[in-house]
Amino acid sequence: MGQQENKRREADDEAKAMAKTLRTSPQKLNLVAQMIRGKKAEKALIDLDFCSRRIAGEVKKVLQAAVANAENNHGLDVDRLYVSEAIVGKSIVMRRFRARARGRGARIEKKFSRLTVVVKERTE
């Protein structure tokens, strides 16, 4: 009785991690994600260390989580991992209003993003 085990959604040689509510717009987050796509995991971590954008620290945490998942949950070799995908998407939007002239209000949208990082083991 009970629920059946869910099938694994990734391939056997990959692992993923995701962050669902990052406080930045998807457009800004995609600039940082573009920086790490296709790179070796350790090189991507170094690049994120020296990136001047605020959100780079959060992207680094997600990448570290994906590497830890690959090592601990799936038994992959950390030295052969690379970032195969870094997917950026929209999340929630906080809407606020700001007082404007003549009793009007202007809407301010504070956008959130989601990030999915997939690391894969390179076969050589």
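The single residue among 92, 46, 36 that is aliphatic (A, V, I, L, M) and farther than 25 Å from residue 122 by Cβ turns out to be 92. When 76, 31, 22 are screened for being surrounded by 17 or more Cβ atoms within 10 Å (Cβ to Cβ), at pLDDT 95 or above and either closer than 18 Å to residue 120 by Cβ or not hydroxyl-bearing (Ser, Thr, Tyr) (or both), only 22 passes.
Based on this model, can you work out whether residue 95 counts as in a strand (DSSP E or B), without any contact (Cβ under 8 Å) to a residue 60 or more places away in the chain and over 25 Å from residue 56 (Cα atoms)? No. Just one residue in the set 17, 56 is in contact with a strand residue (DSSP E or B) (Cβ under 9 Å, 6 or more places away or on another chain) and not basic (Lys, Arg); that residue is 17.
Annotation: of all residues in the range 80-105 being under 30 Å from residue 69 (Cβ atoms) and touching an Asp or Glu at 6+ places or on another chain (Cβ under 7 Å), the one that is surrounded by the fewest Cβ atoms within 10 Å (Cβ to Cβ) is 93.
The values are calculated or read from the model by the stated rules, or taken from the named source; none is laboratory data. Since we're looking at a predicted model, the values are computed, not measured. Ideal geometry is used to build each Cβ from the backbone, glycine not excepted, and the neighbour counts take in all protein chains shown.
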